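In what follows, a structure is listed as C-alpha coordinates, so that the remarks can point back to it.
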Amino acid sequence: MSLEKEDLRTKHDPEIMDKLRDISAYYGMDMSRQAAILFEKAIVGEWHIVSLGLERIRRNERMRALVVDDGSNGDQSVKYPLQVVQGNKKA
(Lines give C-alpha, C1' and ligand atoms only; values in the text may rest on other atoms or scores of the structure.)
Protein backbone atom coordinates (compact mmCIF):
# COMPACT_ATOMS: atom_id res chain seq x y z
CA MET A 1 0.00 0.00 0.00
CA SER A 2 3.00 2.30 0.18
CA LEU A 3 3.03 5.25 -2.16
CA GLU A 4 6.57 5.81 -3.38
CA LYS A 5 5.90 9.35 -4.67
CA GLU A 6 4.24 10.79 -1.55
CA ASP A 7 6.32 12.33 1.21
CA LEU A 8 5.16 13.22 4.67
CA ARG A 9 7.64 14.79 7.03
CA THR A 10 6.73 14.73 10.69
CA LYS A 11 8.41 15.52 13.99
CA HIS A 12 8.21 13.01 16.81
CA ASP A 13 9.15 12.75 20.42
CA PRO A 14 12.65 11.29 20.86
CA GLU A 15 11.14 8.44 22.89
CA ILE A 16 8.90 7.50 19.94
CA MET A 17 11.90 7.60 17.62
CA ASP A 18 13.79 5.26 19.96
CA LYS A 19 10.86 2.86 19.90
CA LEU A 20 10.73 3.06 16.11
CA ARG A 21 14.46 2.36 15.98
CA ASP A 22 13.97 -0.74 18.17
CA ILE A 23 11.02 -1.97 16.10
CA SER A 24 12.97 -1.45 12.88
CA ALA A 25 15.94 -3.37 14.27
CA TYR A 26 13.69 -6.20 15.41
CA TYR A 27 12.18 -6.60 11.93
CA GLY A 28 15.46 -5.85 10.19
CA MET A 29 14.05 -2.92 8.20
CA ASP A 30 15.09 0.60 7.43
CA MET A 31 13.48 3.05 9.87
CA SER A 32 11.70 5.00 7.14
CA ARG A 33 10.19 1.83 5.67
CA GLN A 34 9.08 0.62 9.10
CA ALA A 35 7.60 4.04 9.88
CA ALA A 36 5.63 3.93 6.60
CA ILE A 37 4.24 0.50 7.46
CA LEU A 38 3.19 1.58 10.94
CA PHE A 39 1.68 4.79 9.59
CA GLU A 40 -0.36 2.84 7.04
CA LYS A 41 -1.61 0.45 9.74
CA ALA A 42 -2.67 3.37 11.91
CA ILE A 43 -4.50 5.10 9.06
CA VAL A 44 -6.29 1.94 7.91
CA GLY A 45 -7.30 1.13 11.49
CA GLU A 46 -8.61 4.62 12.15
CA TRP A 47 -10.46 4.66 8.81
CA HIS A 48 -12.16 1.40 9.78
CA ILE A 49 -13.43 3.01 13.00
CA VAL A 50 -14.63 6.12 11.12
CA SER A 51 -16.37 4.09 8.39
CA LEU A 52 -18.19 2.00 11.01
CA GLY A 53 -19.32 5.19 12.75
CA LEU A 54 -20.55 6.70 9.48
CA GLU A 55 -22.44 3.51 8.61
CA ARG A 56 -24.06 3.54 12.05
CA ILE A 57 -25.16 7.15 11.49
CA ARG A 58 -26.64 6.27 8.08
CA ARG A 59 -28.40 3.22 9.51
CA ASN A 60 -29.84 5.27 12.39
CA GLU A 61 -31.08 7.92 9.95
CA ARG A 62 -32.81 5.25 7.85
CA MET A 63 -34.34 3.73 10.99
CA ARG A 64 -35.52 7.14 12.17
CA ALA A 65 -37.16 7.75 8.77
CA LEU A 66 -39.02 4.44 9.10
CA VAL A 67 -40.15 5.03 12.69
CA VAL A 68 -40.89 8.78 12.82
CA ASP A 69 -42.58 11.08 10.30
CA ASP A 70 -40.51 13.87 8.80
CA GLY A 71 -42.12 16.39 11.17
CA SER A 72 -43.74 18.44 8.40
CA ASN A 73 -47.08 18.25 10.20
CA GLY A 74 -45.64 20.03 13.22
CA ASP A 75 -45.12 17.09 15.53
CA GLN A 76 -43.10 13.93 15.61
CA SER A 77 -45.85 11.36 15.09
CA VAL A 78 -44.74 7.76 15.37
CA LYS A 79 -45.39 5.52 12.38
CA TYR A 80 -44.55 2.31 14.21
CA PRO A 81 -44.33 1.88 17.97
CA LEU A 82 -40.86 0.95 19.17
CA GLN A 83 -40.61 -2.25 21.14
CA VAL A 84 -37.78 -3.13 23.46
CA VAL A 85 -36.88 -6.72 22.82
CA GLN A 86 -35.01 -8.57 25.51
CA GLY A 87 -33.13 -11.73 24.66
CA ASN A 88 -34.19 -15.15 25.85
CA LYS A 89 -33.12 -15.34 29.46
CA LYS A 90 -33.05 -18.72 31.13
CA ALA A 91 -33.24 -18.87 34.90
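Just subtract the alpha-carbon distance of residue 11 and residue 43 from 0.36 nm times their residue separation and send over the number in nm, one decimal.
The residue 11-residue 43 span can extend by a further 9.8 nm.
In sequence order, the range 35-43 has phi-based couplings of 4, 5, 5, 5, 5, 4, 4, 5, 5 Hz under the Karplus curve 6.51 cos²θ - 1.76 cosθ + 1.60, θ = phi - 60°, and Gly or Pro positions carry x. Remark: the residue 56-residue 31 segment gains 5.2 nm on full extension, using 0.36 nm per residue and subtracting the alpha carbon distance.
For the pair residue 63 and residue 20, label points projected 7 Å from Cα toward Cβ lie 4.1 nm apart. When the residues 59, 9 are ordered by accessible surface, computed with a 1.4 Å probe over the protein chains alone, the sequence from largest down reads 9, 59.
The values are calculated or read from the model by the stated rules, or taken from the named source; none is laboratory data. What you see is a predicted model, and the numbers here were worked out from it, not measured in a lab. Note: ideal-geometry Cβ built from the backbone for every residue, glycine included; neighbour counts use all protein chains shown. Side chains included, ligands, DNA and RNA excluded: accessible areas come from the protein's heavy atoms. Shrake-Rupley method; radii C 1.70, N 1.55, O 1.52, S 1.80 Å.
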